Amino acid sequence: MGSVFIDSTIADEERRARLYAGDIFILPPTAGTLALIDLARQMLEEAFAPHDPRKIHEKKTAEEVSAILGKLKPLFIHHPECKEIIPRIMLEHGVDGEKLYFDVPRLRSAYPSHFLSAGIAYAFHPHRDTWYSAPMCQLNWWIPIYPLDANNAMGFYPRYFDEAVRNNSEIYNYYEWNTKSRATAAQYVKNDTREQPKAQQELEPVTVRYLPPPGGIIIFSGAQLHETVPNSTEVARYSIDFRTVHYDDVMQRRGAQNVDSRCTGTTMRDYLRASDLSHLPEEAIALYDDGSGVGDRVLQFGDKLISEVKRKVSDASMATS
Ligand SMILES: [Fe+2]
């Protein structure tokens with residue numbers, strides 16, 4: 001059973017080692033995280049104006065909300081301010097920006113279960129990110145935008161951190177997923193038919209929910225088993241998360257133990273260095289690439305989306321001019 005560190009100021013190297021061993025860190029809000037959630041809140045409130053984004057399910061249909069999120073989420077992901085704020089957050093927590101690589105931050109939404117829990121607002125079943133081609137050294141940083149409720153949060157299954165769970169992660173190849181499924185998320189409003197790695201056994205239904213204040217952070221290993229708690233409240237939850245890897249750990253192959261992940265491909269091409277937004281060097285990626293990508297199936301998803309976003313923005317401005 002892991003430990004939970006609250007507002008700990010231990011050095012980054014020890015923190016990473018503890019995270020890889022299954023511990024979890026809850027950090028307080030900082031100027032950086034407050035700037036990040038302010039940006040997200042502003043974008044949400046504009047997109048859903050004049051309604052409260054947390055009550056939007058009372059005002060619009062699931063199809064309408066899904067269509068708005070389909071435009072809003074990519075705009076947030078690639079917002080230039082995000083790429084400035086995340087390196088600041090790293091600095092605030094003593095992380096070396098020359099060695100820290102992060103991927104684009106995602107904006108997540110969880111609506112009351114009866115409303116919308118598929119596609120663009122997919123309610124994640126219990127999973128490890130390492131079933132989705134994340135390396136064992138990946139760390140997840142998760143930040144609530146509004147106050148959390150225990151019935152509208154993220155749930156962790158700490159007992160399974162070092163216990164294998166029967167699963168079908170072998171069906172998942174990251175390159176194939178990027179090519180076929182991901183870009184179409186906004187189409188799935190009621191049901192999500194995309195095949196995803198799932199547990200193939202009963203899980204002990206005991207989750208732990210950490211409830212930091214808005215702008216607080218939960219940091220956890222990508223190998224932690226976690227889920228979106230089905231939202232039984234009447235309020236939507238919005239959160240931001242991003243993933244990081246540390247160069248030294250990538251090169252030394254340090255990280256959590258792989259107890260049960262058998263997916264193929266790697267997300268290593270997605271991370272950008274905090275100091276200059278460069279990608280990991282090829283020799284680092286080569287350590288994790290299993291040769292399952294063929295030709296143009298090896299995509300740098302972030303770059304691909306940027307071009308889609310540019311196209312959508314220019315379409316939208318043509319439509320309004
Ligand atoms: Fe996850």
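The values are calculated or read from the model by the stated rules, or taken from the named source; none is laboratory data. Only a predicted model underlies this, so the values are computations on that prediction, with no experimental measurement involved. Positions of Cβ are backbone-derived with ideal geometry, glycine not excepted, and every protein chain shown enters the neighbour counts. Just so you know, the surface numbers come from the protein's heavy atoms only, side chains and all, with ligands and any DNA or RNA stripped out. Shrake-Rupley method; radii C 1.70, N 1.55, O 1.52, S 1.80 Å.
Summary table below
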read-out: Segment 223-262 - residue that is assigned to a loop (DSSP other than H, G, I, E, B) and basic (Lys, Arg) and, of those, least open to solvent (accessible area, probe 1.4 Å); value: Arg254
read-out: Failed item in (1) open to solvent by 10 Å² or more (accessible area, probe 1.4 Å); (2) away from the ligand (no atom under 13 Å from the Cβ); (3) modelled with pLDDT under 95; (4) not aromatic (Phe, Trp, Tyr), with His125 passing the rest; value: (2)
read-out: From the options Asp260, Asp249, residue that is within 22 Å of His127 (Cα to Cα) and touching a Phe, Trp or Tyr at 6+ places or on another chain (Cβ under 9 Å); value: Asp260
read-out: Residue match in segment 299-317 (condition: of a type in the set (Asp, Glu), at pLDDT below 95, more than 15 Å from Leu139 (Cα to Cα) and open to solvent by less than 50 Å² (accessible area, probe 1.4 Å)); value: yes
read-out: Only one of Ser169, Ser109 that is touching a residue at least 24 places away in the same chain (Cβ under 8 Å), within 16 Å of the ligand (Cβ to nearest atom), over 20 Å from Asp38 (Cβ atoms) and among the hydroxyl-bearing types (Ser, Thr, Tyr); value: Ser169
read-out: Set Ser221, Ser275: member being within 16 Å of the ligand (Cβ to nearest atom), hydroxyl-bearing (Ser, Thr, Tyr) and more than 20 Å from Pro147 (Cβ to Cβ); value: Ser221
read-out: Condition check for Ala67: in contact with a Leu (Cβ under 6 Å, 6 or more places away or on another chain) and modelled with pLDDT under 95; value: no
read-out: Hey, Tyr132 closer than 27 Å to Thr266 by Cα, modelled with pLDDT under 90 and out of contact with any Lys or Arg (no Cβ under 6 Å at 6 or more places or on another chain) or not; value: no
